[in-house]
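In what follows, a single structure is set out as structure tokens and then discussed.
Nothing in this text is a laboratory measurement; each read-out follows from the coordinates by a stated rule. Note that this is a predicted model, so its numbers are computed, not measured. Cβ atoms come from the backbone with ideal geometry, glycine included; neighbour counts cover every protein chain shown.
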Amino acid sequence: MIPQIRLPGPAAGWTSKERQAVADDIGDICRREGFFFVRDHGIPVGLIQDVYAEMRTFYRLPSDEKNKYDAAEESQFLGYRGLGRERSRTHSGTEACEQFRIGNVTGELTLPESVDFYHEPFPKSLELFHRLTDLGDGLLAACAIDLGLGDDFFTGYLNTPLHRLGLNYYGASHLSDVGSKVNYAMSPHIDLSLLTILHQDEPGLDVRSSDGSWSEVPTEPDTLFVFLADYVQRWSNGRHRAAPHRVSAVRQDRMSIQYKHRPDYGVVVAPLDALTQAEPPKYAPLDTGSDYVAVLKSILGT
Ligand SMILES: O=C(O)CCC(=O)C(=O)O
Ligand SMILES: [Fe+2]
């Protein structure tokens, strides 16, 4: 059973007392499993439905239209990843889905088009992106409180953050179209983010608990699924757990919306001194700029 947390409404309006209450509610869960549902997050279900409508419109376009938005290092990996474009990190094939990313870019890298170009097909998605950024900030502050770091610990690393909204489409025939030899549509992984907030229109997401067992994440229209990811786990020296997840072999059309809350470009994430006194560092430092670009280049083959 996945825990469900009731939030005190839209995160942009949380008082420090409310943030503390959220920290009290999620702290134990973050330390044990790192995933949970949230209700009463203040994001209208209608907005989420509008995003699915935008996705349906986009993914029905002919390939040459979609490929105009092709994701590459030059686009800071915003844009479209067609079927067969993203390599699996765990097997020799590709992920069995089409994807689109919108989000922020960094001034430290160049972008050939205006960022608005990539947001053009997705105005409602951009609105959702901003609301999820508020929620990500609030949940991250609650994590920081639970870790004893103070609620604004992460804000210094979030000046021009590279948050991302992923819009994924898993078509009923995509697994066979890419000749997949494995029984899942997206390989098991943890996200390269601080935390991720996800909504799915159909089941398909599986999450791995700390005892190693996988369970299916149910679909609940008015709740969001939250899981912790690499950077929080690394920074906290594993005190907060990143949740491995995958997408099972999908036999019908399925869409997911995942918001990845990310720090600035070029932050070196390493276990914090304050959290490595009892235990030695378990994770190597990771650069949210060069290391992130290297991972994306390796999976997108650019
Ligand atoms: O589609 C999903 O439910 C999960 C996708 C995912 O894990 C990702 O894009 O990182
Ligand atoms: Fe993921």
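Data table
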{"read-out": "J(HN,Hα) series, region 188-194, from Karplus relation 6.51 cos²θ - 1.76 cosθ + 1.60, nearest Hz, glycine and proline x", "value": "x, 6, 10, 7, 8, 8, 7"}
{"read-out": "Relative packing of peptides 13-25, 138-150 - highest average C-beta neighbours within 10 Å first", "value": "138-150, 13-25"}
{"read-out": "Protection proxy ranking, peptides 96-105, 191-200, average beta carbon neighbours within 10 Å, highest first", "value": "191-200, 96-105"}
{"read-out": "Whole-Hz couplings from phi, Karplus 6.51/-1.76/1.60, listed for region 157-169; x for Gly and Pro", "value": "9, 10, 8, 10, x, 8, 4, 9, 10, x, 10, 10, 10"}
{"read-out": "Mean residue ellipticity (222 nm) of the chain, computed from DSSP H runs ≥ 4 via -39,500 (n - 2.57), nearest 500", "value": "-8500 deg cm²/dmol"}
{"read-out": "Estimated dipole of the chain in Debye, rounded to 20 [Cβ of Lys and Arg +1, of Asp and Glu -1, Cα centre]", "value": "640"}
{"read-out": "Phi-based couplings in Hz for region 270-278 (Karplus 6.51, -1.76, 1.60; Gly and Pro marked x)", "value": "8, x, 6, 3, 4, 10, 10, 6, 7"}
{"read-out": "Gain on full stretching of the segment that runs from D291 to E18 - 0.36 nm per residue minus C-alpha separation", "value": "94.7 nm"}
{"read-out": "Ratio of the Cα radius of gyration of the chain to 2.2 N^0.38 Å, where N counts its residues", "value": "0.95"}
{"read-out": "A249-Q277 pseudo-label distance in nm [points 7 Å out on the Cα-to-Cβ vector]", "value": "5.2"}
{"read-out": "Full-stretch length increase - E73, L111 - with 0.36 nm per residue and alpha-carbon distance subtracted", "value": "12.8 nm"}
{"read-out": "Mean separation of Cα contacts under 8 Å, 6 or more apart, over the residue count of region 201-298: relative contact order %", "value": "26"}
{"read-out": "Principal-axis tilt of helix 45-59 within the chain, Cα atoms, nearest 10 degrees", "value": "30"}
{"read-out": "For D40, residues with placed amide H under 5 Å, excluding near neighbours", "value": "L7"}
{"read-out": "Above-threshold pairs, the threshold being 30 Å between Cα atoms, out of K124/K282; K181/K282; K68/K297; K17/K282; K181/K297", "value": "K124/K282; K181/K282; K17/K282"}
{"read-out": "Rel. contact order, % - alpha carbon contacts under 8 angstrom, at least six apart, the chain", "value": "22"}
